[in-house]
Amino acid sequence: MIALVSGGSRGIGRAIVQRLARDGYDVAFCYRSDADAADRLVKEVGEAGTRITATRCDVSDSAEVHDWFARTERELGPVNAAVTSAGITRDRPVILMPETDWDQVLRTNLDGVYHVCRAAAFAMSKRRSGVIVNLSSVSGIYGNVGQANYAASKAGIIGFTKSLAKECGPRGVRANVVAPGLIATDMVGDMSAAAMERMLGNVALGRAGKPEEVADLVSFLLSDRAAYISGSVFEIHGGGTF
Ligand code: NDP
């Protein structure tokens, strides 16, 4: 079994790569710039016996994603599972938001998902088998102050994935969304202590989630135990209110 993970070098994507390797997948992941983090992960997971490849590929670039996917199938074999975790934030209130911040976030988070899913769904549909999980966010469901660009991209992923599930279900391909709340990764590392405390005050379990906890849910959705689950959105936020 082969799994493809975008944004697999750090954070939630990294935990997903580690988990899927333990589940018995060979894994191809991509990253945008941090080659050291990617190399460390390849070494760690590779030493445990998993076939693993890391590719510098900007998911906002359709040609780069096309090449990454083709190379993965050439080197590892047919991709059975695809997970899109690559994502960025450029937080600012709408009235102060420059077009560059809007464009970068939409191009990375939403176009990126389209590029990866188009390649994966095409190959999987031909083989009449495959499963896709796209990472959205509670911001895409409930909205969030200062995150209109991010929320729009994450809401877009939900509509996109539900449509994909309808198109590809008859061809044996499932697609679902995981929408996390506050998860302890670099992405939230810049948040001030006060902002973090405010956010955690709205979380029933009183703590941020761990990347591994999101990876567990992704692992389940990719497995045959989720064989009748498609076109659904799974929130994972420790009982948060947003
Ligand atoms: P991190 O910032 O920790 O990691 C982001 C990963 O995505 C890195 O591997 C990074 O690679 C990669 N990446 C970023 N841009 C690109 C690009 N253009 N092309 C390819 N790879 C790219 O993020 P998280 O792990 O926290 O987030 C993972 C996903 O989960 C995102 O989609 C995020 O929106 C979502 N999410 C996260 C939450 C959280 O609280 N952390 C909450 C809700 C959703 P590199 O290091 O090389 O740039």
- For the range 165-242 and the range 46-89, compute the distance between their C-alpha centroids and round to whole Å. 21
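So for the chain: antiparallel DSSP bridges make up what percent, rounded to the nearest 5?
Expressed as a percentage, antiparallel bridges in the chain total about 5.
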- Query: Once both axes come from the Cα atoms, what is the angle between helix 148-168 and the longest principal axis of the chain, in degrees from 0 to 90, rounded to 10?
  - Reply: 30
- Task: Report the relative contact order of the chain, percent, no decimals, based on alpha-carbon pairs under 8 angstrom and at least 6 residues apart.
- Result: 20
- Query: Counting every Cα pair in the range 192-242, what percent are over 19 Å apart?
  - Reply: 41
- Message: Loop only by DSSP, 15 or fewer other Cβ within 10 Å of the Cβ. Give me the chymotrypsin sites (Phe, Trp or Tyr not before Pro) in the range 80-181 that pass, ordered by residue number.
- Response: none
- Query: Expressed in whole Å with the largest first, what are the equivalent ellipsoid semi-axes of the range 44-185 derived from the C-alpha gyration tensor as the square root of 5 times each eigenvalue?
  - Reply: 28, 18, 14
- Within the chain, helix-based [θ] at 222 nm, where runs of 4 or more DSSP H residues each add -39,500 (n - 2.57), nearest 500: -14000 deg cm²/dmol
- Message: From the C-alpha coordinates alone, can you work out the Kirkwood hydrodynamic radius of the range 88-130, in Å?
- Response: 12.1
- Item | Where Phe29, Phe234 fall by accessible area, highest first, once all protein chains stay in place (1.4 Å) | Phe234, Phe29
- One would report the Cα pair-distance distribution of the chain, bin width 10 Å, in %, as 8, 33, 38, 17, 3, 0
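For the chain, with every protein chain kept in place, what is the accessible area per residue (1.4 Å probe, Å²)? Could you put the intermediate results ahead of the total?
Working: 11580 Å² over 242 residues.
Per-residue value: 48 Å².
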- Message: Please list, short to long, the whole-number percent of alpha-carbon pairs of the range 1-80 in consecutive 5 angstrom bins beginning at zero.
- Response: 3, 18, 30, 27, 17, 4, 1
- Simple spin-label estimate for Asp39/Glu99, 7 Å along Cα→Cβ, in nm, reads 3.9
- How much of His237 can a 1.4 Å solvent probe reach, expressed as accessible area in Å² and rounded to 10? 40
- Task: Can you send over the carbon and sulfur percentage of the accessible area for the range 25-169, probe radius 1.4 Å, protein chains only?
- Result: 51
- Message: Step by step: find N for the range 136-242, compute 2.2 N^0.38 Å, then divide the Cα radius of gyration by it. What's the final number?
- Response: 1.15
- Rg and Dmax of the range 34-126, Cα atoms, in Å? 15.7, 51
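The values are calculated or read from the model by the stated rules, or taken from the named source; none is laboratory data. These figures come from a predicted structure and were not determined experimentally. Cβ atoms come from the backbone with ideal geometry, glycine included; neighbour counts cover every protein chain shown. The protein model used for the area step is the full one, side chains on, heavy atoms only, and it has no ligands, DNA or RNA in it. Shrake-Rupley method; radii C 1.70, N 1.55, O 1.52, S 1.80 Å.
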